[in-house]
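Structure, as structure tokens:
Please treat every number below as a calculation from the coordinates, not as lab data. Model, not experiment: these values are computed from the prediction. Methodologically, a virtual Cβ is constructed for each residue, glycine included, from the backbone with ideal geometry; neighbour enumeration extends over all protein chains shown.
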Amino acid sequence: MNFIERYSLWLLITLQILVWGVIAPAFHTSLPLDVADILTLSSEGVIANYKHPNLPGLLLDLFIGVTGEVEVVYLLSQLSIVVAYVAIYLLSKEFIGKQKALVATLLTSSIFYYHWPTPEFNHNVLQMPLWALVTLFAWRAVTVQKLLYWIALGLTAGAMVWTKYSAGILLLWVFIWLLVTPSGRRSFKSIGPWFTGILFLVIALPQVSYLIDSDFLPIHYAQDRASSGGIADSVSFLGAQLADHLFFIILLIIGGLIGRGALVAKASRVFDKTNFLWLVVIAPVGMVALLPVIAGMGLKPMWGTPMFNFSGLVILYFLGGRVTDARVRRVILGALLIIPLVGMLYATQHIYRADMSDKPMRTLWPQAEIAGELRAAYQVETGLPLKIVAATDWLGGLIASSGGEQLRVRIDADLVKSPWVTDKDVSANGVLVAWLSGQALPASMTDFIESKGYKPSDAKSRSFIWHPSKADKPIQIEYIAIPPSINK
């Protein structure tokens with residue numbers, strides 16, 4: 001085993017953190033969309049909102065509290081990916097051996113979800129390590145039969161539900177696997193799975209309570225975002241996942257792993273392992289792909305993010321017959337080169353965005369200037385420091401998380417979306433209502449403005465230049481500074 005192969009996992013982790021956690025964010029002038037969205041919940045201590053459970057927000061609050069820096073979000077995101085890599089490697093090693101496990105992990109790192117989107121910490125990114133860990137712990141809990149793994153399974157399964165409710169898809173198939181396989185059924189004779197179930201229910205109960213109390217707002221949000229469904233939507237979803245595996249496929253070809261002799265003999269595949277891969281790894285993808293046909297509910301391609309942790313493992317388990325030392329080295333080197341190459345493309349897009357478009361990407365908005373000017377404008381007009389913003393989750397998150405003390409955000413001025421920022425809070429502290437010029441205001445924001453004795457036409461406007469060459473096409477933001485109406 002040469003140097004590259006011996007230290008390939010450490011090299012992968014180092015490059016992942018360096019390129020996507022340090023270098024790529026250096027080209028940002030504002031936070032990514034979903035990070036700004038998460039920060040609208042910062043310090044509120046909420047367990048969920050109208051979109052998703054809030055474990056990502058609570059974790060980010062913890063990291064910010066420890067470091068004092070919002071930019072720690074980029075490290076948190078890459079640590080999530082690193083944990084996923086470790087779980088992928090550990091499970092793959094048990095199925096296909098150490099050398100192939102390294103190749104499987106490196107192959108997986110080339111999938112789109114593991115590089116380009118990762119500076120944007122969100123629910124999908126956090127779901128990736130949890131999905132991988134639940135898969136790992138489920139296998140070990142049954143095969144090793146130690147209570148420690150059953151406890152770990154319960155904890156990570158519960159954490160998944162606090163991250164995204166689609167966690168139920170994986171957990172359903174883990175449960176099916178336990179029921180239909182002899183080793184799984186034997187497990188129920190021990191305390192392990194029962195302890196896991198109780199632990200999971202205790203952790204998940206607050207989320208169940210939130211769903212019921214909110215009249216299933218996150219479910220309605222997902223349905224509203226989805227298309228109408230049908231066979232075409234299923235084909236489109238699978239096509240998008242195939243496109244996201246482009247570098248993965250290229251590595252297989254360059255590495256010489258595809259061709260005559262790739263198919264692993266059936267006699268070499270262990271029955272229990274094969275069942276596990278079909279039921280716990282592959283079946284969730286098939287189930288989701290069929291949802292548009294079965295339930296008439298369309299899919300967003302990014303909803304598939306955590307479901308391909310083990311693409312490399314599946315390929316090498318069934319089609320790993322051509323693996324040799326020379327081919328392993330080619331795949332590893334290719335995978336390690338992809339990370340900086342894609343990172344260069346990411347940086348290039350940011351550097352030359354003004355040459356390609358009149359509109360900045362979210363990460364190129366002048367966040368510090370926007371937050372600073374609007375906070376100062378509120379102070380000048382009311383004589384008080386700004387404490388509450390009513391805006392979209394994107395704009396509200398930008399203003400709230402930059403320019404000084406973290407602000408509270410009432411999303412779309414809607415009490416349903418941000419029930420923790422009450423009318424009493426607004427009356428006592430005042431509020432800055434802000435929106436993009438030309439943007440159609442949601443009814444909740446118009447009603448809110450009018451309830452305070454103002455009209456949208458009363459708004460003042462500020463322009464912000466995002467690039468010197470685009471001075472004639474600035475970002476324009478309208479705002480109304482509403483002072484407190486009662487004494488605290």
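Tell me the angle of helix 123-144 to the major Cα principal axis of the chain, expressed in degrees between 0 and 90 and rounded to the nearest ten. The helix 123-144 is inclined about 30 degrees to the chain.
If packing is taken as the average number of other Cβ atoms within 10 Å across a peptide's residues, how do 73-79, 122-128, 372-378 rank, most packed first?
On the way: 73-79: 22.6, 122-128: 24.7, 372-378: 19.1.
Listed from highest to lowest mean packing, they are 122-128, 73-79, 372-378.
When each of the peptides 189-197, 90-98 is scored by the mean number of other C-beta atoms lying within 10 Å of its residues, the order from highest to lowest reads 90-98, 189-197.
Relative to the longest principal axis of the Cα atoms of the chain, the long axis of helix 283-294 makes an angle of roughly 60 degrees. Across the chain, the mean sequence separation of Cα contacts (distance under 8 Å, 6 or more residues apart), normalised by length, yields a relative contact order of 20 percent.
Under the combined filter of DSSP loop state and at most 16 neighbouring Cβ atoms within 10 Å, the stretch 383-488 retains these GluC sites (Glu not before Pro): 405.
Spacing of the modelled spin labels on residue 201 and residue 71, each 7 Å from Cα toward Cβ, amounts to 4.8 nm.
Summary value for the stretch 345-488: 24 percent relative contact order, contacts being C-alpha pairs under 8 angstrom separated by 6+ residues. The residue 265 and residue 220 beta-carbon pair, evaluated with R₀ = 56 Å, returns a calculated FRET efficiency of approximately 0.65.
Mind checking the stretch 226-294 for trypsin sites (Lys or Arg not before Pro) that DSSP puts in a loop (not H, G, I, E or B) and that have at most 11 other Cβ atoms within 10 Å?
Working: sites: 260, 266, 269, 273; in loops: 260, 269.
Those satisfying the criteria are 260.
Using the Karplus relation 6.51 cos²θ - 1.76 cosθ + 1.60 with θ = phi - 60°, the per-residue 3J(HN,Hα) values for the stretch 188-204 come to 6, 7, 9, 6, x, x, 5, 5, 4, x, 5, 4, 4, 4, 4, 5, 7 Hz, with x marking Gly and Pro.
For the residue pairs 51/146; 164/455; 98/146; 424/470, alpha carbon separations beyond 31 Å are given by 51/146; 164/455; 424/470.
Residue separation of residue 464 and residue 352 scaled by 0.36 nm, minus their Cα-Cα distance, works out to 38.4 nm of gained length.
For a straight C-alpha distance cut-off of 20 angstrom, the lysines reachable from residue 473 (same-chain residues fewer than eight places away being disregarded) are 359, 460.
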